[in-house]
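First up is the structure itself, then whatever we jot down about it.
Nothing in this text is a laboratory measurement; each read-out follows from the coordinates by a stated rule. Since the model is a prediction, treat every value here as computed from it, not as a measurement. For neighbour counting, all protein chains shown are included, and Cβ atoms are generated from backbone atoms with ideal geometry for every residue, glycine included.
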């Protein structure tokens with residue numbers, strides 16, 4: 001048998017190379033990178049697919065909310081079928097079928113409780129990377145509901161009945177436009193009124209016409225007769241010895257006048273007999289001379305003597321806290337040239353349930369008188 005012997009130098013080089021190869025650590029991370037590539041790809045790809053599914057669910061949730069709100073607003077008399085068309089319209093507008101390649105589905109619209117519309121939807125979003133790992137799609141689902149909670153509602157309409165409402169705009173008198181606006185409001189709230197009544201609640205209306213003043217005195221009296229002053233200061237006149245009149249503020253006993261009894265104004269201001277009765281209009285409560293254009297009181301800094309600005313103040317034993325009756329027959333301008341122009345609008349309507357015909361009749365009978373000014377310039381203090 002023949003053996004081959006390498007030269008000593010060659011044997012040494014082979015041994016040295018083998019030793020260097022065994023000791024060489026370069027490139028030893030490559031197997032680990034190759035082993036980690038698959039899970040890394042799954043994590044990154046899965047993150048992208050999950051983010052895409054989250055975006056789709058967010059949009060689906062928005063569509064669900066919009067559909068529930070629209071459906072609840074459209075629902076009439078607790079009939080869910082009246083809500084479905086509007087709810088579906090809003091849902092499909094915000095999340096069209098096939099959006100982001102989602103699978104076809106139909107939203108479910110129900111009425112689980114009184115006054116509530118519920119919308120539920122579920123679909124799937126296809127994956128791009130995770131399908132390699134046997135996850136072809138991700139499920140998404142949303143539920144939402146809208147409830148309309150009612151409470152008793154009171155609406156007070158304050159209507160301008162001054163002479164300016166007789167003017168025309170675009171060929172139509174302002175008062176005609178005002179009447180139309182009042183009835184349009186009533187018609188707009190008719191469905192709400194029906195729903196309120198179905199739940200044992202109510203919708204009440206009040207109408208307060210105003211001109212130089214407001215006609216609420218008798219309504220106030222009905223609550224408490226002491227709220228109307230029995231003595232009030234007016235810019236008036238009094239007979240002067242030797243003839244003529246003195247024109248100045250004076251206190252007038254109105255105790256009989258506010259009872260609805262006929263009073264002869266001539267016994268107060270002189271002149272010819274003039275029997276008058278109170279029509280129910282009142283004058284503003286006293287104000288404060290401390291209020292000027294420079295003081296500019298705020299809501300939290302109103303002088304206690306400015307009773308006219310205390311809209312929540314209930315009359316008490318202080319005469320300044322009460323309202324005085326409008327008494328045109330005893331009111332005269334400072335120069336005495338003519339009686340003060342006081343106009344009293346129709347009596348206000350207290351809060352009550354009103355039919356459409358009742359409200360229509362009331363606004364049709366509104367009369368226009370006076371200017372949009374008040375008598376507080378020459379009246380306004382208890383006697």
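Descriptive notes on the structure:
- Residues of segment 106-124 with amide N under 15 Å of a point placed 7 Å along Cα→Cβ from residue 191: 115-117
- Likely footprinting exposure, 276, 158, fewest C-beta neighbours within 10 Å first: 158, 276
- For segment 39-147, a Kirkwood radius taken over Cα pairs fed into Stokes-Einstein (20 °C, viscosity 1.002 mPa s) yields D = 146 µm²/s.
- Mean Cα-pair separation over length for segment 39-147, i.e. relative contact order, pairs under 8 Å, 6 or more apart, %: 31 percent
- Each Cα pair of segment 161-226 feeds into the Kirkwood radius, which the Stokes-Einstein equation turns, at 20 °C and 1.002 mPa s, into a diffusion coefficient of 144 µm²/s.
- Annotation: the residues 307, 356, sorted from fewest to most other C-beta atoms within 10 Å of their own C-beta, follow the order 356, 307.
- Between segment 205-227 and segment 343-371, the alpha-carbon centres lie 13 Å apart.
- Segment 189-295, Rg to Rh (Cα coordinates; Rh as Kirkwood inverse mean 1/r): 1.17
- R0 of 45 Å, Cβ-Cβ distance residue 73-residue 267: FRET efficiency to nearest 0.05: 0.10
- On full extension, the segment bounded by residue 82 and residue 358 gains 96.4 nm, given 0.36 nm per residue less the C-alpha separation.
- Cα centroid separation - segment 143-192 against segment 105-124, whole Å: 35 Å
- Net lengthening on full extension, residue 245/residue 134 (0.36 nm per residue, minus Cα-Cα): 29.2 nm
- Relative contact order (%) - criterion: Cα under 8 Å, at least six apart; region: segment 129-232: 33 percent
- Modelled FRET efficiency - R0 30 Å, residue 181 with residue 317, Cβ distances, 0.05 increments: 0.10
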